[in-house]
Amino acid sequence: MRPVSRRNLLRGAAAAGALPLLGATPAPAAPAPTMPFPPARWIGSGPFTHVYDASTSTARRYLNDHTLIKSQDRWHLFSIVGNSAPPGESPDSGAETAFAHASAPTPYGPWTTHADALTVDPAYHGEEHLWAPHVVEAGGRFWMFYAAGGQGGQGGAAVNLATSTDLSTWTREPSGPLFRGLAARDPMVLRVGGEWVMYYTELSGPGGRHIVAYRRSDDLVHWSAPGTAFADASTDATVSVTESPYVVERDGWYYLFIGPRGGYEGTDVLASRDPFRFDLAGWAGHVPGHAVEAVADGDTWYVTAAGWFRQGLYVAPLEWRDTPPTWQSPDNPVAGLDAAGRLTVFALDAADRSMLRRVQLDPAADLWSGWERFGGPAGAVPTLGRGADGRLEVFSLAPGGVNLHHRVQRPDGGWYDWEEFGGPAGAAPAVARDASGRLEVFALAPGGTSFARRRQTAPGSLVWDPWEPGFGGAAGAPPVVGVNADGRLEVFALSPGGAGIRHRWQEAPGGAWTPAWHSFGGPAGTAPRAARDGSGRLTVAAVGPSGVGTFTRRQSVPSGGWDAWLPLFGWSAGAPALAVNADGRLEAFSLTPGGARLAHRWQLSPGGTWDAGREFGEPGLRLAATPTAAVDATGRIHVFAVTPEGGVRTRVQARPSGEWQPWTAFGDRPIAPVVAGAPVP
């Protein structure tokens with residue numbers, strides 16, 4: 001049996017062009033788990049800083065799974081290292097055959113490069129690669145555990161051990177691999193009570209679930225039979241979402257960091273009192289990074305990240321919070337037409353998170369106002385609703401997820417003051433207009449424990465019905481709402497942990513909702529997107545687990561059933577931005593993990609097949625998140641993209657449904673480069 005590898009699990013799925021676990025048969029959705037009690041602390045992170053680049057003068061290189069250990073007031077880094085692939089493509093993980101070594105006085109550097117710590121040795125029980133080193137200190141020695149693959153005449157993947165007294169010269173364990181498994185990799189070792197516990201990525205059986213397995217040891221050499229610390233909901237072995245397990249203990253609670261979840265560059269945190277049992281009900285937060293590890297330096301905690309689509313090591317402060325982190329809005333910036341038909345853009349100021357606004361003063365000349373303040377600090381980019389009379393309503397999340405606010409445009413084009421909006425405040429809400437012309441909002445609770453619904457009492461009214469608090473159960477991201485051709489609303493929600501997508505719809509325009517949620521296929525990597533094309537059919541776009549690709553599912557007939565899932569893009573950071581051309585054709589814009597490549601595809605006819613697509617970004621320009629697409633009063637699509645530095649770039653169609661003008665700067669004021677869909681740092 002050939003051992004399961006990252007190359008088999010991730011690149012194979014992407015190359016296949018479809019994920020078998022994205023099913024097409026609707027079924028009642030399983031009840032979403034609820035958290036029985038909150039964790040001792042919620043987990044988040046501050047912004048990541050790029051602190052170390054392992055590239056050389058002759059090769060652009062990446063780091064991936066890694067470990068940090070402090071010895072004699074100096075930090076040492078050991079990491080997978082490899083040559084980077086072209087932007088947006090994944091490298092061959094089978095070519096990862098060495099561990100990089102660097103050291104620094106602090107996790108933020110400056111880092112000094114040393115000779116590689118270890119290189120692959122096929123003569124040592126058939127080593128094929130070197131993956132995921134983890135180093136601990138015990139008994140006057142340093143112990144490096146790593147995944148090496150190789151059949152060695154016994155079959156299965158292997159977890160190996162090398163030891164050192166100086167962190168420079170390493171000697172492999174003479175007796176050979178510590179143990180073998182189906183996909184055994186990414187080992188991490190923690191002292192629990194009076195014994196050592198190793199957590200690692202594994203499968204529950206051939207074709208079984210992805211799990212975090214554990215073994216126990218008294219001496220770091222001899223390990224017990226495996227147990228299961230966490231099992232993912234999926235029973236398909238195509239894509240792994242239990243990689244890079246890392247466990248820390250604090251105040252009697254154990255926190256498991258695992259991924260990729262919420263995209264390739266995402267790590268979920270699960271909390272438990274029991275170090276040998278974790279589940280999705282213990283969701284305690286999210287860190288927007290790949291292969292995340294948590295380390296403490298005295299009372300100061302850090303998280304580190306790396307990955308295929310970045311160059312080197314990134315470090316951020318680890319935040320222990322008293323309240324759940326809030327989710328970011330689906331778009332940054334967000335844009336829509338106001339009462340006068342002017343395209344209006346809203347964003348958050350990079351300095352103080354105050355809300356900013358720009359207005360398109362003359363669509364024909366593409367003349368814009370400058371950025372102007374529109375409100376106080378916000379916890380996320382706002383979301384927009386447009387009433388039956390064309391007036392905009394802006395829905396904002398207060399800092400820290402304290403509450404929701406909204407602000408309504410007056411009939412004369414001005415604005416009423418901000419008002420409290422009530423309801424759950426885990427994210428800015430999703431908004432849509434129903435068949436009667438009334439706005440409806442769907443708001444996620446803190447921690448994703450549930451979401452609620454609220455509706456205007458009449459079209460354009462400033463009065464709203466009470467909240468319906470039990471509209472949706474636990475969710476892994478803010479809900480998404482689409483409008484059917486017959487005016488019925490349809491809501492799509494990501495299940496906790498990306499275990500699937502659920503949907504619920506109105507049984508009649510403006511009427512009651514289906515009593516139960518139904519499965520829409522999955523699991524999925526991030527929140528989906530929904531749009532209706534000129535044929536009247538809804539299209540839903542979703543990212544596969546780990547971000548290996550974007551897939552779409554389209555209604556068979558307007559307001560009717562659904563076709564099967566089909567591939568649309570390769571590696572994706574999140575669900576693509578969707579916009580409808582003046583002639584009814586959908587256009588889609590997808591960003592790769594790391595933000596180095598922006599792809600673009602479009603329907604050849606309304607509701608028809610998709611063009612093969614082309615590059616849409618600027619050469620050499622990296623983006624912070626999937627761009628926003630909006631249509632102005634002339635029918636032209638505008639694309640707005642944010643760089644990691646907070647600059648906004650825009651690209652506009654030369655004419656409705658036509659070709660595109662070059663990229664240009666969109667104002668000189670930096671906005672907050674928050675990542676759509678991720679919890680707000």
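The values are calculated or read from the model by the stated rules, or taken from the named source; none is laboratory data. Because the structure is a prediction, the values reported are computed rather than measured. Cβ placement follows ideal geometry from the backbone for every residue including glycine, while neighbour counts extend to all protein chains displayed. Accessible surface areas use protein heavy atoms only, side chains included; no ligands, DNA or RNA. Shrake-Rupley method; radii C 1.70, N 1.55, O 1.52, S 1.80 Å.
Mind checking which strands (runs of 3 or more DSSP E) fall wholly inside region 419-477 and carry at least 2 residues that are modelled with pLDDT of 95 or more and in contact with a Cys (Cβ under 9 Å, 6 or more places away or on another chain)? Steps first, please.
Numbers: elements: 430-433, 439-444, 451-455, 468-472.
Strands (runs of 3 or more DSSP E) meeting the threshold: none at all.
How do the strands (runs of 3 or more DSSP E) wholly within region 261-357 filter down when requiring 2 or more residues that are β-branched (Val, Ile, Thr) and more than 22 Å from Pro399 (Cβ to Cβ): which remain? Quick ask: steps written out before the conclusion?
On the way: elements: 267-272, 283-287, 293-297, 300-305, 313-321, 334-337, 343-348.
Per the criteria, 300-305.
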Checklist entry - If Gly205 passes every condition in (1) touching a Lys or Arg at 6+ places or on another chain (Cβ under 8 Å); (2) modelled with pLDDT under 95; (3) surrounded by fewer than 21 Cβ atoms within 10 Å (Cβ to Cβ) but one, which one does it miss? => result (1)
Next on the checklist: For Glu202, only one of the following conditions fails: (1) under 30 Å from Leu280 (Cβ atoms); (2) among the charged types (D, E, K, R); (3) not in a strand (DSSP E or B). What is its number?
Outcome noted: (3)
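Filter region 305-336 down to residues that are under 30 Å from Ala579 (Cβ atoms) and open to solvent by less than 40 Å² (accessible area, probe 1.4 Å), then give me how many there are.
Taking region 305-336 and keeping what is under 30 Å from Ala579 (Cβ atoms), we get 307-310, 325-336.
Among the residues that remain, those that are also open to solvent by less than 40 Å² (accessible area, probe 1.4 Å) are: 307-309, 325-329, 331-336.
Residues flagged as under 30 Å from Ala579 (Cβ atoms) and open to solvent by less than 40 Å² (accessible area, probe 1.4 Å) within region 305-336 amount to 14.
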Checklist entry - What single numbered condition from (1) open to solvent by less than 30 Å² (accessible area, probe 1.4 Å); (2) at pLDDT below 95 fails to hold for Trp143? => result (2)
Checklist entry - Among all residue pairs at least 6 apart or on different chains, which show Cβ distances below 7 Å where the first residue, located in region 446-459, is on the phi > 0 side of the Ramachandran plot and the second is among the hydrophobic types (A, V, I, L, M, F, W, C) and open to solvent by 40 Å² or more (accessible area, probe 1.4 Å)? => result Gly447/Met35
Checklist outcome for this item: (1) closer than 19 Å to Gly437 by Cα; (2) in contact with a Gly (Cβ under 9 Å, 6 or more places away or on another chain) all hold for Gly400 apart from (1)
Item to check | Options Arg172, Arg215; residue that is open to solvent by 40 Å² or more (accessible area, probe 1.4 Å) and touching a residue at least 24 places away in the same chain (Cβ under 8 Å) | outcome: Arg172
Checklist entry - For Ala225, are the conditions met, namely being assigned to a strand (DSSP E or B) and over 26 Å from Thr267 (Cα atoms)? => result no
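Based on this model, can you work out whether Gly620 counts as of a type outside the set (S, T, N, Q) and free of Cβ contacts under 8 Å to residues at least 12 places away in the same chain?
Yes.
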Checklist outcome for this item: Only unsatisfied item for Gly88, checking (1) out of contact with any Pro (no Cβ under 9 Å at 6 or more places or on another chain); (2) modelled with pLDDT under 95, is (1)
Item to check | Subset of region 232-250 [at pLDDT 95 or above and more than 27 Å from Thr163 (Cα to Cα)] | outcome: none
Next on the checklist: Checking Arg649 against (1) within 30 Å of Asp563 (Cβ to Cβ); (2) open to solvent by 40 Å² or more (accessible area, probe 1.4 Å), only one condition comes out false. Which one?
Outcome noted: (1)
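Would you pick out the residues in region 377-396 that are open to solvent by 40 Å² or more (accessible area, probe 1.4 Å) and either touching a strand residue (DSSP E or B) at 6+ places or on another chain (Cβ under 7 Å) or within 16 Å of Ala452 (Cα to Cα) (or both)? Talk me through it step by step, then tell me what you get.
Step one: list which residues in region 377-396 are open to solvent by 40 Å² or more (accessible area, probe 1.4 Å), which gives 377, 386, 388-389.
Pro377, Arg386, Ala388 - these are the residues of region 377-396 that are open to solvent by 40 Å² or more (accessible area, probe 1.4 Å) and either touching a strand residue (DSSP E or B) at 6+ places or on another chain (Cβ under 7 Å) or within 16 Å of Ala452 (Cα to Cα) (or both).
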Next on the checklist: Can you confirm whether Val481 is at pLDDT 95 or above, assigned to a strand (DSSP E or B) and farther than 16 Å from Leu494 by Cβ?
Outcome noted: no
Item to check | Output for region 86-133, where each listed residue is touching an Asp or Glu at 6+ places or on another chain (Cβ under 8 Å) and either of a type in the set (A, V, I, L, M, F, W, C) or open to solvent by 30 Å² or more (accessible area, probe 1.4 Å) (or both) | outcome: Ala98, Phe99, Ala100, Pro105, Thr106, Val120, Asp121, Pro122, Leu130, Trp131, Ala132
Checklist entry - Is region 547-557 home to any residue that is of a type in the set (Val, Ile, Thr), farther than 19 Å from Gln603 by Cβ and either within 21 Å of the chain's Cα centre (by Cα) or buried (at least 24 other Cβ atoms within 10 Å of the Cβ) (or both)? => result yes
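From the list Pro399, Pro429, pick out the single residue that is within 24 Å of Ala350 (Cα to Cα), open to solvent by 30 Å² or more (accessible area, probe 1.4 Å) and not acidic (Asp, Glu).
Pro399
Among the polar types (S, T, N, Q) and over 28 Å from Pro260 (Cα atoms): does that describe Ser461?
Working: among the polar types (S, T, N, Q): yes; over 28 Å from Pro260 (Cα atoms): yes.
Spelling it out, Ser461 is indeed among the polar types (S, T, N, Q) and over 28 Å from Pro260 (Cα atoms).
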Checklist entry - Which one of the conditions (1) assigned to a strand (DSSP E or B); (2) open to solvent by less than 20 Å² (accessible area, probe 1.4 Å) does Ala625 fail to meet, given that it meets all the rest? => result (1)
Checklist entry - Is there a residue in region 473-490 that is of a type in the set (S, T, N, Q), open to solvent by 10 Å² or more (accessible area, probe 1.4 Å), under 30 Å from His405 (Cβ atoms) and touching a Pro at 6+ places or on another chain (Cβ under 8 Å)? => result no
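Taking the condition under 20 Å from Val674 (Cα atoms) and touching a His at 6+ places or on another chain (Cβ under 7 Å), does Pro288 pass?
no
Could you tell me which residue of region 573-596 is most open to solvent (accessible area, probe 1.4 Å), considering only residues that are within 20 Å of Gly482 (Cα to Cα) and of a type in the set (A, V, I, L, M)?
Ala582
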